[in-house]
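What follows is a short report on a single structure.
The values are calculated or read from the model by the stated rules, or taken from the named source; none is laboratory data. Being a predicted model, the structure only gives us computed values, none of them experimental. So basically every Cβ, Gly included, is an ideal-geometry build from the backbone, and we count neighbours across all protein chains shown. Surface areas here come from the heavy atoms of the whole protein model, side chains and all, with no ligands, DNA or RNA. Shrake-Rupley method; radii C 1.70, N 1.55, O 1.52, S 1.80 Å.
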Amino acid sequence: MKVLSLLALGGLAAAHFELKYPKSIGFSDDQEDQAPCGGFTPDFSKTLVDFHVGGEALAMRLTHQQSNWLFRATTDEKAQSGWQQLFPIVMQSGLGDFCEPSVKAPESWVGKKGVVSVVSSAVDGLLYQVRLH
């Protein structure tokens, strides 16, 4: 199986949203609105999580009545440019858990490090969490 090495942010139960899987690189409810990484700086010296380019699950917990989910990634280790949308924008209605079971990355990213981002667009604006891979 082909693997992309990438990073993501996690959350807490009191969050606007929580990245359940994979866990994020960090979480601050007060900074979750800070693009592109929810107030955190990617650090590739930490443990990375494999992201299979053929499809990887992303699971979130929403604490708002509705959100649009954007799944994107970049191989820019500073997460400043090169973002690519990985999946069509999905709307979730209702509180609770949501999982997109197979989000794919470009085949050309096999073996590369990068940042996977989940962005929520809800009543309080855009919110960000990321995971390094």
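Here the chain has 51 percent of its accessible surface on carbon and sulfur atoms, given a 1.4 Å probe and all protein chains in place. Amide H contacts under 5 Å for Gly38: Tyr128, restricted to partners 5 or more places along the chain or on a different chain, H placed in the peptide plane at 1.01 Å from N. For the charge dipole of the chain, defined by +1 on Lys and Arg C-beta atoms and -1 on Asp and Glu C-beta atoms about the Cα centroid, which residue among Gly55, Ser67, Gly26 has the Cα displaced farthest towards the positive pole? Going by the Cα projections, it comes out as Gly55. Summing +1 for each Lys or Arg and -1 for each Asp or Glu among the other residues whose beta-carbon sits under 11 angstrom from that of Pro42 gives +1. Largest first, the residues Met60, Met91 sort by 1.4 Å accessible area into Met91, Met60. Here the convex hull built on the C-alpha positions of the chain has a volume of 88 cubic angstrom per residue.
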